[in-house]
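Comments concern the structure below.
Please treat every number below as a calculation from the coordinates, not as lab data. The structure presented is a predicted model; accordingly, all values stated were derived computationally and were not measured. Quick reminder, even Gly has a Cβ in these numbers, built from the backbone with ideal geometry, and neighbours come from all protein chains shown.
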Amino acid sequence: MKLFTSVNDVSDVQQLVAEALQLKQNPFAHKHLGENKTLCLVFLNPSLRTRISTQKAGQNLGMNVIVLNIDKEGWALELQDGVIMNGTTVEHIREAAGVMGEYSDIIGVRSFPGLKNREEDYSEMIFNKFVEFCKVPVVSLESATRHPLQSLADLVTIEELKTNDRPKVVLTWAPHIKPLPQAVPNSFAEWMCKGDVDFVIAQPAGYELSKEFTNGATITHNQDEAIKDADFIYVKNWSAYEPYGKILPGNEDWMLTLDKLKEAPTAKVMHCLPVRRDLELSSEILDSDRSVVIHEAGNRVWAAQAVLKQMLEAL
Ligand code: CP
């Protein structure tokens with residue numbers, strides 16, 4: 001594997017999930033694979049889980065790992081081509097990414113969308129420039145439209161905890177006070193559509209995701225109906241795709257509560273984290289045995305390690 005930005009970069013999804021679970025059983029089995037290899041994790045935005053889990057994954061494989069919070073610690077980056085750099089930006093992404101490629105065998109990049117210009121965000125302009133100019137394999141640590149390491153960890157979690165061959169998985173929209181990207185739900189949807197699950201998306205009218213990611217999903221505006229008999233309920237807020245990046249009025253009653261889970265007596269509740277308690281998801285669920293959010297976050301290590309292992313094998 002030379003690039004990991006979406007499920008489409010994976011030749012065999014089930015095999016990658018199985019590999020992640022094998023690594024969980026034996027984290028140091030391939031500790032010589034990354035010897036004398038450098039992983040550089042570049043963050044243009046904040047992170048807790050992605051940063052630590054990917055760092056740990058690289059270290060488990062014997063890699064040297066460098067983390068750069070480029071938004072705070074690097075020179076102010078110019079992302080546009082064709083501009084005279086006589087303003088606040090100091091270094092162009094062409095040189096910055098090229099130089100980082102000189103120091104690294106694999107680069108990870110996190111770059112959130114601006115949520116102002118849909119065309120620009122959905123073209124993955126920043127992420128693709130890193131890929132183009134660094135000239136080494138790149139793993140997405142969450143881009144403008146996708147969060148594939150999260151989705152792989154989610155699929156690993158479902159595979160581990162499922163109690164029947166084809167679980168019902170529901171992605172349900174949740175309220176929030178800020179407009180959030182569509183990257184996590186987009187990515188979760190496209191991975192679930194490739195998984196062996198019955199996949200339902202429940203959302204208020206107006207929060208339809210781009211069809212590019214939801215082909216094969218059942219989409220409903222009725223949360224109660226969607227939740228009924230679910231095996232896994234994935235809670236996540238996202239802003240509207242149209243009008244782009246906006247929060248639509250109302251829908252506060254979409255927060256998941258224990259009462260709503262009565263019709264799904266064995267459902268496990270997932271969330272990628274960070275989560276705003278009692279806004280997006282009730283603390284009564286988060287503090288109950290229905291929640292698997294910590295277990296899910298733990299699996300981020302094995303998802304990242306499986307991807308890095310395949311990348312190291314292809315160097
Ligand atoms: N879920 C996730 O990506 O968490 P961080 O933003 O903390 O990395």
Just to be sure before I move on: is LYS236 in contact (Cβ under 8 Å) with a residue 40 or more places away in the chain and more than 26 Å from LEU152 (Cβ to Cβ) in the structure I sent? no
Considering every residue within region 233-252, establish whether at least one is of a type in the set (Val, Ile, Thr) and in a helix (DSSP H, G or I). no
Filter region 122-142 down to the residues that are over 16 Å from the mean Cα position of the chain (by Cα) and acidic (Asp, Glu) and list them by number. GLU132
Scanning region 236-257 residue by residue, those surrounded by 13 or more Cβ atoms within 10 Å (Cβ to Cβ) and within 10 Å of PRO175 (Cα to Cα) turn out to be LYS236, ASN237, TRP238, SER239, ILE247, ASN251, TRP254, MET255, LEU256
For region 298-315, enumerate the residues that are within 12 Å of LEU149 (Cα to Cα) and not in a helix (DSSP H, G or I). ASN299
Per the filter on region 256-297, residues within 15 Å of the ligand (Cβ to nearest atom), aliphatic (A, V, I, L, M) and assigned to a loop (DSSP other than H, G, I, E, B) are LEU273, VAL275, VAL292
Would you check if there is a residue in region 293-302 being over 30 Å from HIS32 (Cα atoms) and either of a type outside the set (Gly, Ala, Ser) or crowded, with 20+ Cβ neighbours inside 10 Å (or both)? yes
Conditions (1) closer than 14 Å to LYS168 by Cβ; (2) without any contact (Cβ under 8 Å) to a residue 60 or more places away in the chain; number of the one not met by ALA230: (2)
Flagged pairs (Cβ under 9 angstrom, 6 or more apart or on separate chains; first in region 285-298, polar (S, T, N, Q); second within 16 Å of the ligand (Cβ to nearest atom)) are SER288/VAL269; SER291/VAL269; SER291/MET270; SER291/HIS271; SER291/LEU281
When region 95-112 is checked residue by residue, the ones that are within 17 Å of MET125 (Cα to Cα), touching a strand residue (DSSP E or B) at 6+ places or on another chain (Cβ under 9 Å) and assigned to a helix (DSSP H, G or I) are ALA96, ALA97
Given the residues SER140, SER104, which is the only one that is within 20 Å of ALA303 (Cβ to Cβ) and either more than 16 Å from the ligand (Cβ to nearest atom) or in contact with a helix residue (DSSP H, G or I) (Cβ under 9 Å, 6 or more places away or on another chain) (or both)? SER140
Pick from region 1-41, criterion among the small types (Gly, Ala, Ser) and within 25 Å of LEU68 (Cβ to Cβ), ranking: surrounded by the most Cβ atoms within 10 Å (Cβ to Cβ): GLY34
Only residues that are in a helix (DSSP H, G or I), over 22 Å from PHE130 (Cα atoms) and away from the ligand (no atom under 13 Å from the Cβ): list them for region 28-70, please. GLN59, ASN60
Within region 113-130, tally of residues that are surrounded by fewer than 17 Cβ atoms within 10 Å (Cβ to Cβ) and assigned to a helix (DSSP H, G or I): 3
